[in-house]
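**Q** I have a structure here, written as structure tokens, and I will follow up with some questions on it.
Only the coordinates and a few stated rules stand behind these numbers; no lab work does. If you're wondering where the values come from, they're calculated on a predicted model, not measured in any experiment. Heads up, the Cβs are rebuilt from the backbone with ideal geometry, glycines too, and the neighbour counts pull from every protein chain shown.
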Amino acid sequence: NIEVNVAPRPPVLCPGCPHRATYYAVKQVAPKDTIYPTDIGCYTLGLLPPYETADFLLCMGSSIGTGCGFSYATKQKVISFIGDSTFYHAGLPALINAVHHNHDFVVVILDNSTTAMTGHQPHPGTELDGMGNEALPIDMEKVVRGIGVKHVEVIDPRNLKEAKEAIKRALEHDGLSVVISKAPCILLERKLKKERKLYQVNQEKCKKCKICITKFACPAFYMDENEVKINPALCTGCGVCPQVCPFDAIGVVE
């Protein structure tokens, strides 16, 4: 028997996950009563605080179809989230329906270039097939535009300013909008051993507002006594947290 009290912790997005940046940007600009249909994938974790960007989940590919319904049934803004692999697998028919009936809502496609949740299987948007052979990747933006979506933007969510502006434009657009939030899964980047910069908190500048912990919620942040710190073993160097800090207290480790 091991008598150790382990603090309970809900499942979280990985440190450096681009979905976290997307959700943070959305929550910064979307109205408080926005409805968020979501789908099957790592991004389903948007259900949990502090993001709370998953109000309805039925089955794989349902986020766009239910978004169509919500946009008809209410005047509230609707933002549907769907991953890249789920979009190719089950999102296309619903998007065609949304275009055909001129629905007015936003679809955010979380494109991390893999099927991350179930073990990084390839999908039609990747350059390899399931056997590891070269395959012709299907261009998501061209597919979306080809279906007939008029308002389409591709963003890198790790640039928060760019992401917030794009999402705001999508919300203001009259009709269907698609924002493709494109950045690779952080586990893929680590597997490729790309060079990364570590970040640290400047304790002289830090005001202990804890936005990095309570609003952005990156697991690399922690409290040490009364100081906010970044665990270097968890930091992936994604570079988003300095954009979150209102006091410019986060910088690269020299």
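**Q** Just to confirm the filter: which chymotrypsin sites (Phe, Trp or Tyr not before Pro) across the stretch 38-97 are DSSP coil and have at most 11 other Cβ within 10 angstrom of their Cβ?
**A** Answer in residue order: no site qualifies.
**Q** Treat each spin label as a single point 7 Å out from the Cα along the C-beta direction, and report the Asp55 to Lys194 distance in nm.
**A** That separation, rounded to one decimal, is 3.4 nm.
**Q** Hey, got a sec? Which GluC sites (Glu not before Pro) in the stretch 197-235 land in a DSSP loop and have at most 14 other Cβ atoms within 10 Å?
**A** Glu204, Glu225
**Q** When the chain is fully extended, how far beyond the present Cα-Cα distance does Leu234 get from Thr118, taking 0.36 nm per residue of separation?
**A** 39.6 nm
**Q** How much FRET efficiency would the formula 1/(1 + (r/R0)^6) give for Asn202 and Lys142, where r is the Cβ-Cβ distance and R0 is 45 Å, rounded to 0.05?
**A** Efficiency computed from Cβ-Cβ geometry: 0.55.
**Q** FRET efficiency for Thr74 and Lys32, Cβ-Cβ distance as r, R0 = 22 Å, nearest 0.05?
**A** So the FRET efficiency works out to roughly 0.95.
**Q** Suppose R0 equals 41 Å. What FRET efficiency, 1/(1 + (r/R0)^6) with r the Cβ-Cβ distance, do Asp248 and Leu92 give to the nearest 0.05? Provide the component values of the computation, followed by the final result.
**A** Working: r = 43 Å, r/R0 = 1.05.
Working from the Cβ atoms, E equals 0.40.
**Q** What are the ³J(HN,Hα) couplings of the stretch 201-207, residue after residue, when phi is run through the Karplus curve with 6.51, -1.76, 1.60 and θ = phi - 60°? Round to Hz, x for glycine and proline.
**A** 9, 7, 5, 6, 8, 5, 9
**Q** What list of ³J(HN,Hα) couplings, whole Hz, do you get for the stretch 142-149 from phi and the Karplus terms 6.51, -1.76, 1.60, once you set θ to phi - 60° and write x for glycine and proline?
**A** 5, 4, 4, 5, x, 5, x, 5
**Q** Then there's this: Expected output is a single nm value to one decimal: the length gained when fully extending between Asn1 and Glu227, i.e. 0.36 nm times separation in residues minus the C-alpha distance. What is it?
**A** 77.9 nm
**Q** To make sure I understand, if each residue's beta carbon is the centre and we count other beta carbons within 10 Å, what order do His100, His89, His19, His123 fall in, fewest to most? Intermediate values should be presented prior to the final figure.
**A** Details: His100 11, His89 16, His19 28, His123 20.
Least to most surrounded, the residues fall as His100, His89, His123, His19.
**Q** Out of the trypsin sites (Lys or Arg not before Pro) in the stretch 176-254, which ones are loop residues according to DSSP with at most 10 other C-beta atoms within 10 Å?
**A** Answer in residue order: Lys193.
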